[in-house]
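J.: Take a look at the following structure, please.
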């Protein structure tokens, strides 16, 4: 793990030109004299809010690498295949991995600046706000926040003051932190948000390691979701478990009921395809399992007549959306003859996305999302939570109405073919003719 002095490479709102000057021009910068190959700094991206840029001196030229932020927390990547929790952990990875960014390029010596922002980091150090929160000292917490104290700073376990207040059920402190803008969706080093009902990190007491278990705090759950706007479907980065998994696996009935009342889906899946009811039953919490298995999902407020188009191929669906509205989150649902399954098509930032809606047993699902009961439940769920989609569903594209049936009075009558009326003599002649044919 890095030392504090190793991460003073952050230079804030430094422009591209200033970053290059800082490393290559000794006449205009106190940084540049004698800079070795591979010296580097990190700065804010001027073109993409929330992202950063790694500027590296290599062969007397400065290369710039975009560092992209993923999800609502501090996960970053330079290439899409390597996503790392914490900006400082990302830089440490590339310091220790030679030649990945470019042939012959190795990060060597940082251009000294400041430590990266708190909300970009995975680790930190215990500070006064952490200690006051752990002790439940509302007065000190309030006074610290009034002075602009860094409320998103993390301790050595990656926990913010919001984590600590949530784990200890200190709702008054938690509400004050939220009031001052503290995020409730940051993750600790184990990949948990404050909403996860879980076992806490080990606490060191001398030479003995002890574990303290999370208590059953339904009021804290409601505060995090309703006031803090916590992501009720936030997944643990290792297991894929959401808060309902954690509550069910520990038999916390009241928290389970609270999460369901806050519209958490009853059948989310972890990375092993386990449902909360499975975990509750495996752990012997049968009453908790019964609550989940007998839960009746609310009737959705949307209807397929608003967005279902029947059979369309991808190109037809995208054309229909373009003609209707190119606003982010515009969508329709269609039947794919190719896949023999329904498909959700939506647009976001001028790009189209198509998601197959698969069926397993009596449930429908998209990718690793929860099991849901119908297309209406699928659309309603993703209208509130993106959960892997690039945006929430916002604007449905209605299908073209079928032409109305014409009124009876306007239907043209078909003329019946009239049969010629034959005289009795004609009939007799016909019968005689047929008789002659039969009996010559």
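The values are calculated or read from the model by the stated rules, or taken from the named source; none is laboratory data. Remember, it's a predicted structure, so these values are computed and weren't measured experimentally. Note that each Cβ is placed from the backbone with ideal geometry, even for glycine, and that neighbours are counted across all protein chains shown.
Let's see how each residue does on (1) more than 21 Å from residue 6 (Cα to Cα); (2) in contact with a helix residue (DSSP H, G or I) (Cβ under 9 Å, 6 or more places away or on another chain):
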position	(1), (2)
55	no, yes
69	yes, yes
95	no, yes
98	no, no
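J.: Considering only residues that are under 13 Å from residue 182 (Cα atoms), in contact (Cβ under 8 Å) with a residue 24 or more places away in the chain and assigned to a loop (DSSP other than H, G, I, E, B), which ones fall in region 122-150?
T.: Within region 122-150, just 150 meets the criteria.
J.: Run down 328, 387 and say which single residue is outside the structural domain of residue 241 (by TED's automatic domain parsing), closer than 26 Å to residue 267 by Cα and either out of contact with any strand residue (DSSP E or B) (no Cβ under 9 Å at 6 or more places or on another chain) or in a loop (DSSP other than H, G, I, E, B) (or both).
T.: None of the other options fit; the residue is 387.
J.: Is it the case that region 31-39 has a residue that's assigned to a strand (DSSP E or B), modelled with pLDDT of 90 or more and surrounded by 21 or more Cβ atoms within 10 Å (Cβ to Cβ)?
T.: Scanning region 31-39, I find no residue that is assigned to a strand (DSSP E or B), modelled with pLDDT of 90 or more and surrounded by 21 or more Cβ atoms within 10 Å (Cβ to Cβ), so the answer is no.
J.: Restricting to region 1-30, name every residue that is modelled with pLDDT of 75 or more and not in a helix (DSSP H, G or I).
T.: 8, 9, 10, 11, 12, 13, 14, 15
J.: Which numbered condition in (1) in contact with a strand residue (DSSP E or B) (Cβ under 9 Å, 6 or more places away or on another chain); (2) on the phi > 0 side of the Ramachandran plot is the only one that residue 60 fails?
T.: The one condition residue 60 does not meet is (1).
J.: Restricting attention to region 320-354, report how many residues are over 15 Å from residue 396 (Cβ atoms) and surrounded by fewer than 12 Cβ atoms within 10 Å (Cβ to Cβ).
T.: Going through region 320-354 one residue at a time, the tally reaches 6.
J.: Let me ask something additional. For residue 153, which of the numbered conditions (1) buried (at least 24 other Cβ atoms within 10 Å of the Cβ); (2) modelled with pLDDT of 90 or more; (3) assigned to a loop (DSSP other than H, G, I, E, B) fails to hold?
T.: Condition not satisfied by residue 153: (1).
J.: Right, another one. Could you list, in sequence order, the residues of region 80-98 that are in a loop (DSSP other than H, G, I, E, B) and within 22 Å of the chain's Cα centre (by Cα)?
T.: Those that are in a loop (DSSP other than H, G, I, E, B) and within 22 Å of the chain's Cα centre (by Cα): 80, 81, 82, 83, 86.
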